[in-house]
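Undergrad: Can you read through this structure? Questions will come right after.
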Amino acid sequence: MKAAPTLDGRIRIDIESKLDRMVMQSISHDARAVDGDLAERLGDYLGDEASTCDWEEFVLPDLKQGFNEQLDYIEQVLVGLDAETPGTIFIVKEDAETWYGALNQARLALEDRYHFDGENPDRMSPGRRTAWFRNQFYQLLQSMLLECLMRD
């Protein structure tokens, strides 16, 4: 897989193999594979009772909807690609926030599940190491989004 900014202000991601496609599909899978809803899990970090009530009534419904819309969008982009042949995804400035949010959800979910804590990937089990590499890829793509599409 190759990802790079284009001269016309987009990010181009070339999906060159089935493995590349699986990595891109993992964004949504990783984000959705949380014990409980990620938006609800974020509310667990609130301390006092009053804040929790406000969170559940005013913040949580919109947050859940926004999270789901981000992931639904990424899934739709990937469905539009042929599963057997290489393909290209272009991310434009207007979609950068959606991509960034979906990648962030996936990273939060992976961290919640694996607690990487600066651990050396050479000492990780194969499944954990694979998740670590996906997390690193998501972070690099987020950095590219910030640098190329989300700066003023």
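Undergrad: Find the relative contact order for the chain and round it to a whole percent, using C-alpha pairs within less than 8 Å whose residues are 6+ positions apart.
TA: Details: 150 pairs, mean separation 53.3, N = 152.
In percent, rounded to a whole number, it is 35.
Undergrad: Just the projected area, averaged over all directions, of the convex hull on the alpha carbon atoms of the chain: how many nm²? Provide the component values of the computation, followed by the final result.
TA: Working: hull surface 42.9 nm².
For the chain, the mean projected area of the Cα convex hull comes to 10.7 nm².
Undergrad: Further, regarding this structure: Taking a probe of 1.4 Å, how large is the accessible area per residue of the chain, in Å²?
TA: Values: 9110 Å² over 152 residues.
Normalised by residue count, the accessible surface of the chain is 60 Å².
Undergrad: How much accessible surface area, in Å² rounded to 10, belongs to the heavy atoms of THR88 with a 1.4 Å probe?
TA: Only protein atoms counted, so the area is about 50 Å².
Undergrad: Under 25 Å from the Cα of LYS64, which lysines turn up, not counting those fewer than eight places away in the same chain?
TA: LYS93
Undergrad: Using a 1.4 angstrom probe on the protein heavy atoms only, could you order PHE58, PHE116 from most to least accessible area? List each step's numbers first, then the result.
TA: Details: PHE58 130, PHE116 10 Å².
Ranked list, largest accessible area first: PHE58, PHE116.
Undergrad: Carbon-plus-sulfur fraction of the accessible area of the chain, 1.4 Å probe, in percent? Could the numbers behind the result be given before it?
TA: Details: 4710 of 9110 Å².
About 52 percent, which is the carbon plus sulfur part of the accessible surface.
The values are calculated or read from the model by the stated rules, or taken from the named source; none is laboratory data. Values in this document were obtained by computation on a predicted structure and should not be read as measured data. Heavy atoms of the whole protein, side chains included, go into the accessibility calculation; ligands, DNA and RNA do not. Shrake-Rupley method; radii C 1.70, N 1.55, O 1.52, S 1.80 Å.
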